[in-house]
Amino acid sequence: MSALRFLVVDDASFIRDLVKKQLRDAYPGCEITDVSSALRAQALLKTQRFDLILCDWEMPELSGEEFLRWLRAHPQHNELPFIMVSSRGERDYVVKAVQAGVNDYLGKPFKAEQLVAKVNKVLGRGGAAAATSAPNRASGATQGIAGASIAVLTGFGGAAAAPAPAREAPKRTVARGQAQLNFASFTVQCVIKDISLQMMSGVMKRDAQLPAILEPVVISIVESEGKDVARLNGYVHGLQAGENRIDSPILKISIRFVDDDPAKLDLLSRYIEKL
């Protein structure tokens, strides 16, 4: 049987590497091609065949939604299985993806088992053990999602309520804003202490669940009135106790951003200028 051929499309190299590792672990012998833009993906599809595309939504030049609509408009690609992988988990985005002809939708951040479950579902597989068999093509552009309601697809959560504005701290420890940190299995609020176009550091309350170093996270930076400033992809770069005690209720966290999207970086730059 021929090996599965995946095409991973995301402007963030860290996300592409993460998806590739999880796919290789679940589907030994699979072939994976990754590109940083939908325009490159379009060019590849002129000469190469793939069994499944996993694509980000927010990318420069051509968005994941635009790329999907382009695929569905071409007879040679209109049945190609497509999973949208995005930090935008709001119902409106899922609805748009369904209308464009998506097969399934995976919210960032995600665990390996969540990714594999989506892939198995779209390809009609019972599990990773069947990875070397031929893929089961969808019978139509939206097959694999037509039988599922929007409510099911949005079950992993929509936009969470924005945190209350942070009270100004004394000089030298002044807050630089607020952010919501969305990990695969939990969400916490964070007070930003320092931020640049490359990374941010802040403090968060210790919870029952703790993030791990290098764990992916989606950062939603919010203004005092609760408005979303920017939503960025990143990973945990550092984590330490906020006080000199083993049971410190406060943690210091540093996060490195991985997005290369000029639009996102422009939003972040404008936010930083206001601080």
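The values are calculated or read from the model by the stated rules, or taken from the named source; none is laboratory data. Being a predicted model, the structure only gives us computed values, none of them experimental. Neighbour counts run over all protein chains shown; Cβ positions are idealised from the backbone, glycine included.
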Query raised in the report: Wholly within the stretch 174-267, which strands (runs of 3 or more DSSP E) include no fewer than the required count, namely at least 3 residues that are over 30 Å from SER63 (Cβ atoms)?
Result: 187-195, 199-205, 228-241, 250-257
Query raised in the report: Could you say whether any residue in the stretch 260-274 is modelled with pLDDT of 90 or more, out of contact with any Leu (no Cβ under 8 Å at 6 or more places or on another chain), outside the structural domain of PHE110 (by TED's automatic domain parsing) and within 19 Å of ASP17 (Cα to Cα)?
Result: no
**Report entry** Residue that is surrounded by the most Cβ atoms within 10 Å (Cβ to Cβ) [pool: residues in the stretch 107-121 that are of a type in the set (A, V, I, L, M, F, W, C) and in contact (Cβ under 8 Å) with a residue 12 or more places away in the chain]
**Finding:** VAL119
Requested in this report: Considering each of SER196, SER185 in turn, give the residue that is modelled with pLDDT of 90 or more, exposed (fewer than 13 other Cβ atoms within 10 Å of the Cβ), within 28 Å of VAL35 (Cα to Cα) and of a type outside the set (Asp, Glu).
Outcome: SER196
Report task. With the condition kept exactly as written, say whether any residue in the stretch 74-81 is surrounded by 20 or more Cβ atoms within 10 Å (Cβ to Cβ), at pLDDT 95 or above and within 26 Å of PHE183 (Cβ to Cβ). Result -> no
Requested in this report: From (1) modelled with pLDDT of 95 or more; (2) in a loop (DSSP other than H, G, I, E, B), pick out the condition that doesn't hold for SER2.
Outcome: (1)
Query raised in the report: When you scan the stretch 237-273, how many residues do you find that are touching a strand residue (DSSP E or B) at 6+ places or on another chain (Cβ under 9 Å), exposed (fewer than 14 other Cβ atoms within 10 Å of the Cβ) and of a type in the set (Lys, Arg)?
Result: 1
Query raised in the report: With ARG167, ARG176 as the choices, which residue is at pLDDT below 85, touching a Lys or Arg at 6+ places or on another chain (Cβ under 7 Å) and more than 20 Å from SER87 (Cα to Cα)?
Result: ARG176
Report task. Filter the stretch 23-42 down to residues that are in contact with an Asp or Glu (Cβ under 8 Å, 6 or more places away or on another chain) and over 14 Å from VAL8 (Cβ atoms), then give me how many there are. Result -> 1
Report task. Mind counting the residues in the stretch 1-58 that are small (Gly, Ala, Ser) and under 17 Å from ILE83 (Cβ atoms)? Result -> 4
